[in-house]
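J.: Let me begin by handing over the structure; questions about it come next.
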Amino acid sequence: MIIIGIHTFFTSLNDLERIIRCPGRFKFEEHNVAAHSWKVSQYAMFFATLEERAGSQIDWKSLYEKTINHDFAEVFIGDIKTPVKHASVELKQMLSHVEEKMMEKFIREEIPHDLQDVFFERMKEGKDETIEGRLLEFADKLDQFYESFAELKRGNTDKEFVHMYETALSKLLLIDLPVSVDYFRNEILSDVVTEKTVIDIALLTENILQQHIE
């Protein structure tokens, strides 16, 4: 008889610490997937608090499950750079399908039978039209924003990080979370543009903001 336990799942969490985000580029600061998931959870907690205070109903259990698990499937395929992943709709769908099938196989083989239904629910794609799904999307893009900002601030002129910053900022401004977007735009960005940076972050940011005004 094959005994399925939780041991493999727990040991696989260490693998997430070894998966480097945005691989293959020079970076002043390396970031791994495990740390990314923790930061996303922190961002989501803050902005969910703002949304809740503005009158929204937040399913906190769902929010935390979505944020801490949203990139676990990268333990199978690694971190694929955003420009590659979004190069075409077909490629993005194929990658999502591969992740889904590998996650399904992992749960069936490594998670105790009586917990598999729970894990299928927790490990499914978290970015959806619920407010928790939108908060996950916002927090995920915010970490991309801050990772690229840190590189640009220190003078990393790799066009990958310029593109990452522009893309993350543009997408953050379009997410359907008016309270969070307003806070990000009026509070956080006002601090970002006052930081001392090697690259003119203020100009880069203003150019993106102008595009969204027009």
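The values are calculated or read from the model by the stated rules, or taken from the named source; none is laboratory data. Every value quoted in this text rests on a predicted model; they were computed, and no experiment measured them. As a convention, Cβ positions derive from the backbone with ideal geometry for all residues, glycine included, and neighbour counts pool all protein chains shown. The area values use the complete protein model at the heavy-atom level, side chains included, leaving out ligands, DNA and RNA. Shrake-Rupley method; radii C 1.70, N 1.55, O 1.52, S 1.80 Å.
J.: Might you let me know whether the stretch 137-152 holds any residue that is open to solvent by 60 Å² or more (accessible area, probe 1.4 Å), assigned to a helix (DSSP H, G or I) and farther than 22 Å from Ala35 by Cα?
T.: Within the stretch 137-152, none of the residues are open to solvent by 60 Å² or more (accessible area, probe 1.4 Å), assigned to a helix (DSSP H, G or I) and farther than 22 Å from Ala35 by Cα.
J.: A further question follows. What tally of residues in the stretch 45-73 results from selecting those that are over 10 Å from Gly126 (Cβ atoms), open to solvent by less than 20 Å² (accessible area, probe 1.4 Å) and in a helix (DSSP H, G or I)?
T.: Total satisfying the criteria: 3.
J.: Here's a check for you: in the stretch 114-136, which residue that is open to solvent by less than 50 Å² (accessible area, probe 1.4 Å) and in contact (Cβ under 8 Å) with a residue 60 or more places away in the chain is nearest to Val40 (Cα to Cα)?
T.: By that ranking, first place goes to Leu136.
J.: Among the numbered conditions (1) of a type outside the set (Val, Ile, Thr); (2) open to solvent by 70 Å² or more (accessible area, probe 1.4 Å); (3) touching an Asp or Glu at 6+ places or on another chain (Cβ under 9 Å); (4) outside any helix (DSSP H, G or I), tell me where Lys196 comes up short.
T.: Result: Lys196 fails condition (3) only.
J.: Could you check how many residues of the stretch 168-184 are open to solvent by 20 Å² or more (accessible area, probe 1.4 Å), in contact with a helix residue (DSSP H, G or I) (Cβ under 7 Å, 6 or more places away or on another chain) and of a type outside the set (A, V, I, L, M, F, W, C)?
T.: Summing the residues that are open to solvent by 20 Å² or more (accessible area, probe 1.4 Å), in contact with a helix residue (DSSP H, G or I) (Cβ under 7 Å, 6 or more places away or on another chain) and of a type outside the set (A, V, I, L, M, F, W, C) in the stretch 168-184 gives 4.
J.: Considering only the stretch 4-44, state which residues are open to solvent by 70 Å² or more (accessible area, probe 1.4 Å) and touching a Pro at 6+ places or on another chain (Cβ under 9 Å).
T.: Across the stretch 4-44, there are no qualifying residues.
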